[in-house]
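Enquirer: Dropping the structure in here first, questions after.
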Amino acid sequence: MDQTSPATALSHQHVTFPDGLQLDCGFHLAPVDVAYRTYGALSPARDNAILVCHALTGDQYVADPHPLTGKPGWWGRMVGPGLPIDTDRFFVICVNVLGGCMGTTGPRSLRVCDDGTEEPWGTDFPAITIRDMVRAQHLLVEHMGIERLLAVVGGSMGGMQVLEWCATYPDQVFAAMPIATSPFHSAQNIAFNEVSRQAIFADPQWHGGRYWECNEIPARGLAVARMMAHITYLSEAALTRKFGRRVRTTPGRGAVGAPGALFGEMFEVESYLRHQGSTFVRRFDANSYLTITRAMDYFDLGAEHDGDMSRPFRGTPTRFCIISFSSDWLFPTSQARLLARALNQVAANVSFVEIDSDKGHDAFLLDEPDFDRTIRGFLCGAAEHAGID
Amino acid sequence: MRLDQRLIAGMIRPRTRVLDVGSGDGALLDYLFRNSGCDARGIEIDMREVTRSVAHGLPVMHGDADHDLVHYPDNAFDYVVLQRTLQAVERPREVLRQMLRIGRYAIVSFPNFGHWRLRMQLLLRGRMPMTSVWSTPWYDTPNIHPCTILDFLTLCRDEGYVVQQWMAVDEDGERAPWRRSIRLANLFGEQALFLLRRKDAPR
């Protein structure tokens, strides 16, 4: 079986910036491709743009079918005509992050080697930060002639990008919605990322990161990484509700496997995680996973300010709406509250809502009516204050 | 909007920065934004009210007077409002200090425990008073720091706050505000409303 990902052959809507980007690590990356999708129409005054930032394994296909899996967009229930992020009213942009694998420059992009040949960056792709991702998005936003975004919205790692937008380009963000996120990546979250990475490194098909040379991908390692990470996106209550202790049965055969065998039966939760793992490796690049998880680990708003998380926001004109979920233990409400208080310290305009949900971190992608109402209301309020419509 | 909220709104100059601590359904915030052009924000302890307010486009954060005022910088607001909550906070004196640290003015309303009906009930029945304003039994009440209008004035004097304006109002808002004798207000006012400023703060 040819295990190279079909993603390499896809083409995505993108803009190439020949001058590239100066990265936080000091490396100058050029050229840079920025792949994106847009929804709705930009107003003549170019004042109705909302940037949606995706999470670790998301992409720019926020509200239309994924070109690889054919599945609906990852936030199709939130972004669209008449939906909380209303494309009848707003111009929505979603950008594949720098380091990603859906058209924006990343480890799978080709570079020119010293001998003039081309090969993928692989693990030689420079270490990037969340701020570098935001800089790449900023190139595209300026390219579109948009001077100020009405709002920047994102959950999880997308929320980190929202915060970096506000810290780096304060005058270009009218309103910001950091959702299910934190002002820094915690030790626990770095620890989870490290287990994911070690799973990839331990796969014999990893080949030191040059797996394309063998026409293979570290599918098992990447799948285990995804399985482990997926547990952190849920909650005990959600797992119990969805699967309980139920054992999977195959029609006509009863329980899977031979009776009495140690792994003769499979719990439904195991089967679910394996499915999550195996579908993930078909659409995501292992080196991208490593690059992006590392960028998350480096994220710390207070790092350049002696730990003072409020300093990047001093004098901020942005209206913030921080949202957390009661059962999210990966980015818990306590961390969102730290962010809210840091913003209070600079007297920023802050709304802060904890949505009651038992669905864990993933709740921001799922059906939560209070969450929908909050997003819709905050954006309408922001539009009113910005003098739109 | 309730009568006391209308009176509070009347104390606030247009186009000022206002923090409403205990903003409830956000009625005052909405009024101040739409009618006075204020930059009005809220803090509310009840998450359902927070969600409802934000869903109406109002800037409200989940929090409370005891724990969240301390995070704001000095003079961040022109007015800090505390409606009907002073008697329910953990440390009323500290909350007032924080209000007048982060705001130039504090607007405080609270139910008056010196009202004649309460005095009568305690005197004649010998039991904790129960009225429409003080409607929860002693073992259930969130109102852990009740005070009278005179008590509050004493605290203001001790802390060096200037009473810029005061008035007594009744609970339902059927009668006009009472602003004459403070001793009579302490007997007949169901609710008190104060506009305070620091002694050193400019008018």
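Enquirer: Pairs of Cα atoms under 8 Å, at least six residues apart: use those to get the relative contact order of chain A, whole percent.
Expert: For chain A, the relative contact order is 18 percent.
Enquirer: By a straight-distance test (C-alpha under 22 Å), which lysines pair with residue A:242 as possible cross-link partners, with residues fewer than eight away in the same chain excluded?
Expert: In chain and number order, the partners are A:71, A:359.
Enquirer: Over every pair of different alpha-carbon atoms in the stretch A:24-82, take the mean of 1/r and invert it; report that Kirkwood radius in Å.
Expert: Every distinct Cα pair counted, the radius reaches 13.8 Å.
Enquirer: Let me ask something else. Taking the convex hull of the alpha carbon atoms in the protein assembly as shown, what volume per residue do you get, in Å³?
Expert: 196 Å³
Enquirer: Using Cα pairs closer than 8 Å and at least 6 residues apart in sequence, work out the relative contact order for the stretch A:191-291, in percent.
Expert: The value is 28 percent.
Enquirer: Report the Cα-based extents of the stretch A:191-291 along its three principal axes, largest first, to the nearest Å.
Expert: Principal extents (largest minus smallest coordinate, Cα): 43, 30, 22 Å.
Enquirer: Sum up the charges of everything whose Cβ sits under 15 Å from the Cβ of residue A:146, counting Lys and Arg as +1 and Asp and Glu as -1, but leave residue A:146 out.
Expert: Charge balance in the 15 Å sphere: -2.
Enquirer: Shifting gears a bit: When the convex hull of the C-alpha atoms of chain B is computed, what volume per residue in Å³ does it have?
Expert: 121 Å³
Enquirer: Quickly rank B:10-23, A:349-362 as a protection proxy: mean count of other C-beta atoms within 10 Å, highest first.
Expert: Ranking, from highest mean packing down: A:349-362, B:10-23.
Enquirer: Of the trypsin sites (Lys or Arg not before Pro) in the stretch B:65-112, which ones lie in a loop per DSSP and count no more than 15 other C-beta atoms within 10 Å?
Expert: The qualifying sites: there are none.
Enquirer: Cα atoms only, the stretch B:115-203: Rg and Dmax in Å?
Expert: 14.8, 48
Enquirer: Among all stretches of chain B without exposed chymotrypsin sites (Phe, Trp or Tyr not before Pro) (DSSP loop, at most 13 other Cβ atoms within 10 Å), which one is longest?
Expert: B:1-137
Enquirer: Give, as a single signed number, the net charge of other residues whose beta carbon lies under 13 Å from the beta carbon of residue B:11, with Lys and Arg counted +1 and Asp and Glu -1.
Expert: Counting the neighbours of residue B:11, the net charge comes to +2.
Enquirer: Which residue fluctuates most in the GNM of chain A (Cα springs below 10 Å): A:68, A:234, A:23?
Expert: Looking only at A:68, A:234, A:23, the largest GNM fluctuation is found for A:68.
Enquirer: Hey, another quick one. Kindly provide the helix-only [θ] at 222 nm of the protein assembly as shown, computed as the sum of -39,500 (n - 2.57) over DSSP H runs of four or more divided by all residues, to the nearest 500 deg cm²/dmol?
Expert: -10000 deg cm²/dmol
Enquirer: Whole angstrom only: what separates the Cα centroid of the stretch A:318-389 from the Cα centroid of the stretch B:1-48?
Expert: Taking the Cα centre of the stretch B:1-48 as reference, the centre of the stretch A:318-389 is 21 Å away.
Enquirer: In whole Hz and in residue order, list the ³J(HN,Hα) couplings for the stretch B:146-156 that follow from phi through the Karplus curve 6.51 cos²θ - 1.76 cosθ + 1.60, θ = phi - 60°; x for Gly and Pro.
Expert: Coupling constants for the stretch B:146-156: x, 8, 9, 4, 5, 4, 5, 4, 4, 4, 4 Hz.
No value in this document is a laboratory result; all are computed from the given coordinates. All of these numbers come straight from a predicted model, not from anything done at the bench. With ideal geometry, Cβ positions are generated from the backbone for all residues, glycine too; neighbour counts draw on all protein chains shown.
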